[in-house]
Amino acid sequence: MSTGLTWRDGRAVLSAVHGRRVHEREVVPGTEVGWLLAGPRRCTGAWLVGRDERTPCPHHAEIDPDGGAVQCAPCQSVDRGLALARDQILDDGRTYRLYLAWFGEGLLKVGLTAEQRGTSRLLEQGALAWTFAARGALPAVRRAELTVSSAGLARERFKVRAKLEHWWEHGDADHRRAVLTEARTRAHALLRGHDVELLPEHPVVDHVAVFGLTGGAPAVYHAVEGLADGAVVAGRLRAPVGRHLLLDRADGEPPLLLDTRLLTGWTLTPAVGRPPSGLALVPRARPEAPDTQEALF
């Protein structure tokens, strides 16, 4: 059963479980892949407090084949990551870092991540550029996050669709660096007196080249909006962007964009060489540049 895509030590890794055995495969651009999906789609279990490995779903529960959720309700209720997001864990003894992440013009995000996770959370979110702004215990960093967001400097979340639309046009690295450096300076002014260690010298890290987006996203691609039992996902991998895979098709049709969270929970068997089938696809195209030519008459 697929358990999705994560980033570890700067590498994107697809994982699957068979019983207690975990299988992992690095996402390498240029690789031909193909998977035949078999249902039903099942809950992937939960990450519990105090454990370093995913705990399988004790109910072996089925989940919505087209849904974004990859867990059943009972597993969601005990998952460590979801509990943190809902402020149900006040402190877990770990050190956290406050980050500012840039997803495109006007899309500046503030968030926190456990220091032991390094930069994985920023890569998984598909941040085009980012910097760490502060560090400290969970309660202090969470207060800092709320202070920055309530001041209107950055938001705590953006919808995936908003991020994708900025893959076509994201400015240059100097601009991204300038925006984040200025935002961090403003954040530090807001955080004076907070019980956190400010990080004024942390570099701005750029992921545009890592994600293969230097020239922008493909002008036209087909986004996978739904999967079904018996569907085939196949193509030649491009660089992964966050948790998304771009796959070039052998028939010359526009590339596929797959949010790997949709793949999670399905049983996969190899199907390299087969064409994609059984996919609900939505065409996406680069918006035309606005016509700024003045009227001739």
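The Cys residues in the chain with no partner Cys Cβ within less than 4.7 Å of their Cβ are C75. The local environment of E32, defined by Cβ-Cβ distances under 15 Å, has a net charge of +2 under the rule Lys, Arg +1 and Asp, Glu -1.
Dividing the mean sequence gap of close Cα pairs (under 8 Å, 6+ apart) by how many residues the stretch 90-206 holds gives a relative contact order of 35 percent. Solvent-free Debye calculation, one equal scatterer per alpha-carbon of the chain: log10 I(q)/I(0) at 0.08, 0.16 Å⁻¹ equals -0.39, -1.36. Taking 7 Å steps out from each Cα toward its Cβ at H23 and A38 produces label points 1.1 nm apart.
What's the local net charge at A46, with K and R +1, D and E -1, over the other residues with C-beta under 12 Å away?
Summing Lys and Arg as +1 and Asp and Glu as -1 gives +1.
Computed from the C-beta positions of V232 and Q116, the FRET efficiency with R₀ = 30 Å rounds to 0.20. Computed over the stretch 90-206, the convex hull of the alpha-carbon atoms projects to a mean area of 6.8 nm².
With a cut-off of at most 11 other beta carbons within 10 Å, and DSSP calling the residue loop, which GluC sites (Glu not before Pro) in the stretch 29-70 qualify? Please list them.
E53
Here the stretch 1-122 is described by how far its Cα atoms reach on the three principal axes: 40, 38, 27 Å, from widest to narrowest. When peptides 66-74, 137-145, 40-48, 223-231 are sorted by average Cβ neighbour count within 10 Å, with the highest value leading, the order is 40-48, 137-145, 223-231, 66-74.
Bear in mind these aren't lab numbers, they're just calculated from the coordinates by the rules spelled out. These numbers were taken from a predicted model, which means no experiment stands behind them. Ideal geometry is used to build each Cβ from the backbone, glycine not excepted, and the neighbour counts take in all protein chains shown.
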